[in-house]
Amino acid sequence: MVTEGAPAVSPWSPESWRRRVALQQPAYPDPAALDRALSELRQLPPLVTSWEIVSLREQMAEAAVGRRFVLQGGDCAERFVDCTSPRITNMLKVLLQMSLVLVVGAQRPVVRIGRFGGQYAKPRSSDSETRGDVTLPSYRGDLVNDPAFSAAARTPDPQRLLRGYERGALTLNFIRALVKGGFADLHHPEYFDLDWVRHSPLADEYHRMVATIGDSLRFMENVLGVRAGETDRIDFFTAHEALHLGYEEAQTRRVPRRPGWFNLSTHFPWTGRRTNDPAGAHIEYLRGIENPVGVKVGPGFTREHVARWLEVLDPRRQAGKLTLVHRFGAGRIAEELPRLIDAVRVEGGVVALVCDAMHGNTRVTSTGVKTRRLEDVYSEVEQAFDICQAMGRQLGGVHFELTGEDVTECVGGARGASEADLDRAYESEVDPRLNYEQSLELAFLIARKMRNAGR
Ligand code: PEP
Ligand code: CO
């Protein structure tokens, strides 16, 4: 345990992060306008409730010990223009289908967490971008500015905090209504069938799996007379990178009859690899809230980091409080994940380990396009299962950047999208996402892997 040399714990408050170095924050030209927008945000009602947050924390505690499996997925960055009915339903459908496939493979309940309803702020490797002889602030996500390359578009605009919050609310409102209305009812999987599942080479296997699930449900209900509890009321949780700390602070509240502070803009906030310094502002913010929280872990982390994350974020070693979302890459995971598992064990942590198989596998094509190969993504997940098994623990879940749309941003997969296809439908302003078929294919591969390993 690292206690010597660690800074004395100072009192926490929703704004105590302001006393630390806060990386990746936009430079607003008019701080008074920012304050006005944040004051307005503070008055708006929450997007999620404390009991949902507590319920997710309990489910994450089970994921930490292998009794549940987490599927976390969604866009790298949500865009305001994508807050539409078809986009939201397609995202929900692909996550539902994947989770259905994973339930069969994992033989345990799947916790569904969408990167949506607030995934609008992005960390960038540089504060500015230069094209020709023009240098402008980098695009930092729709919560901050607009990707068009003009001074007006790139100037951080605090009103966007309100627009993002409202779109988060619209997104969640629609998702809640769909889920409540039976869209996700496993008795009617045809409700969430996507049109082009018909064209997928995996369509038959998917439909067989759906039929098996239907049969088991009917058997349980008709023969055993039990209602299949969870199946008709599927929970969907939300997550986003808690990057813009003013935005997060504005929705950090106390609630009646429950101790502590809750971030009520999302169930599961996480901090990214660029902002995970244990002494930095993002970890300071996360340490005071009751939500389960995630920390992204990249190659080159140290034991000291793990010790400090646990000490600061989970001093009571409460299962489900801390999730380590590792993103090492297919080429590095074999050397890095065993070190992470060891470090957690030495510190007595009961954390969920979730494999983000996207961010360590980014490549740039010969023509300068950012992409990822499905083979690398799957290889990283497969290695994660094997390493966990060899070290006597369970992988808690997986984390993907994906979309329900027919985009061409990642290469590989059964239909063999190649680098030459990337031009056809490349939309992302930031990281490349798996399209619908690639996502489903990955779910199948993972389900097979889990089944074969008897998990
Ligand atoms: C992300 O999740 O989009 C991201 C930026 O990840 P990381 O912090 O792991 O690089
Ligand atoms: Co990303």
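The values are calculated or read from the model by the stated rules, or taken from the named source; none is laboratory data. Please read all numbers here as calculations on a predicted model, not as lab measurements. Note that each Cβ is placed from the backbone with ideal geometry, even for glycine, and that neighbours are counted across all protein chains shown. What goes into the accessible areas is simple: the full protein's heavy atoms, side chains included, and nothing from ligands, DNA or RNA. Shrake-Rupley method; radii C 1.70, N 1.55, O 1.52, S 1.80 Å.
For every residue, the table says whether it meets (1) surrounded by fewer than 18 Cβ atoms within 10 Å (Cβ to Cβ); (2) hydroxyl-bearing (Ser, Thr, Tyr); (3) over 24 Å from CYS355 (Cα atoms); (4) in contact (Cβ under 8 Å) with a residue 12 or more places away in the chain.
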site: PHE236; (1), (2), (3), (4): no, no, no, yes
site: GLU241; (1), (2), (3), (4): no, no, no, yes
site: PRO256; (1), (2), (3), (4): yes, no, yes, no
site: THR271; (1), (2), (3), (4): no, yes, no, yes
site: THR275; (1), (2), (3), (4): no, yes, no, yes
site: HIS282; (1), (2), (3), (4): no, no, no, yes
site: TYR285; (1), (2), (3), (4): no, yes, no, yes
site: VAL293; (1), (2), (3), (4): no, no, no, yes
site: GLY298; (1), (2), (3), (4): no, no, no, yes
Requested in this report: Provide a single number: the residues in the stretch 405-426 that are crowded, with 23+ Cβ neighbours inside 10 Å and within 20 Å of the chain's Cα centre (by Cα).
Outcome: 2
Query - Filtered residues of the stretch 376-389 (kept if more than 17 Å from ARG68 (Cα to Cα), more than 16 Å from ligand 1 (Cβ to nearest atom) and in contact (Cβ under 8 Å) with a residue 40 or more places away in the chain) - result: TYR378, SER379, GLU382, GLN383, ILE387
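Is the stretch 73-91 home to any residue that is in contact (Cβ under 8 Å) with a residue 12 or more places away in the chain and among the acidic types (Asp, Glu)?
Yes: the stretch 73-91 contains one or more residues that are in contact (Cβ under 8 Å) with a residue 12 or more places away in the chain and among the acidic types (Asp, Glu).
Would you call ARG372 within 15 Å of ligand 2 (Cβ to nearest atom), among the basic types (Lys, Arg), crowded, with 17+ Cβ neighbours inside 10 Å and within 24 Å of PRO269 (Cβ to Cβ)? Outline the logic, then answer.
Working: within 15 Å of ligand 2 (Cβ to nearest atom): yes; among the basic types (Lys, Arg): yes; crowded, with 17+ Cβ neighbours inside 10 Å: yes; within 24 Å of PRO269 (Cβ to Cβ): no.
In short, no.
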Query raised in the report: Quick one: GLU429 ticks every box in (1) open to solvent by less than 50 Å² (accessible area, probe 1.4 Å); (2) on the phi < 0 side of the Ramachandran plot bar one, so which box is it?
Result: (1)
Requested in this report: Could you list, in sequence order, all residues of the stretch 78-100 that are farther than 14 Å from HIS399 by Cα, surrounded by 21 or more Cβ atoms within 10 Å (Cβ to Cβ) and either within 16 Å of ligand 1 (Cβ to nearest atom) or small (Gly, Ala, Ser) (or both)?
Outcome: GLU78, MET91
Requested in this report: Please determine, by comparing only the residues of the stretch 262-285 that are in a strand (DSSP E or B) and aromatic (Phe, Trp, Tyr), which one is nearest to THR238 (Cα to Cα).
Outcome: PHE268
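Quick check on the stretch 401-435: of everything there that is among the small types (Gly, Ala, Ser) and within 19 Å of ARG79 (Cα to Cα), which residue is farthest from ligand 1 (Cβ to nearest atom)?
Kept after step one, since they are among the small types (Gly, Ala, Ser), are these residues of the stretch 401-435: 404, 412-414, 416-418, 420, 425, 428.
Those still in the list that are within 19 Å of ARG79 (Cα to Cα) too: 404, 425, 428.
On the way: GLY404: 18, ALA425: 20, SER428: 10 Å.
So, considering only residues that are among the small types (Gly, Ala, Ser) and within 19 Å of ARG79 (Cα to Cα), the one farthest from ligand 1 (Cβ to nearest atom) is ALA425.
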Query raised in the report: For the stretch 90-162, list the strands (runs of 3 or more DSSP E) that sit wholly inside it and hold at least 2 residues that are under 28 Å from GLU52 (Cβ atoms); which are they?
Result: 110-115
Query - Residues of the stretch 324-351 satisfying the condition of being open to solvent by less than 10 Å² (accessible area, probe 1.4 Å), more than 16 Å from ligand 1 (Cβ to nearest atom) and not in a loop (DSSP other than H, G, I, E, B) - result: ILE341, ALA343, VAL344
Query raised in the report: Among the residues of the stretch 352-362, is any more than 16 Å from ligand 2 (Cβ to nearest atom), open to solvent by 50 Å² or more (accessible area, probe 1.4 Å) and in contact (Cβ under 8 Å) with a residue 40 or more places away in the chain?
Result: no
Query - Test result for GLU419, within 16 Å of ligand 2 (Cβ to nearest atom) and out of contact with any helix residue (DSSP H, G or I) (no Cβ under 8 Å at 6 or more places or on another chain) - result: no
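A quick yes/no check of all residues on (1) among the aliphatic types (A, V, I, L, M); (2) within 16 Å of ligand 2 (Cβ to nearest atom); (3) under 20 Å from CYS76 (Cβ atoms):
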residue: VAL103; (1), (2), (3): yes, no, no
residue: ARG112; (1), (2), (3): no, no, yes
residue: LYS122; (1), (2), (3): no, yes, yes
residue: THR135; (1), (2), (3): no, no, no
residue: ASP146; (1), (2), (3): no, no, yes
residue: SER150; (1), (2), (3): no, no, no
residue: THR155; (1), (2), (3): no, no, no
residue: GLU166; (1), (2), (3): no, no, no
**Report entry** Which listed residue is in a loop (DSSP other than H, G, I, E, B) and either in contact with a strand residue (DSSP E or B) (Cβ under 6 Å, 6 or more places away or on another chain) or surrounded by fewer than 24 Cβ atoms within 10 Å (Cβ to Cβ) (or both), from GLN394, GLN383
**Finding:** GLN394
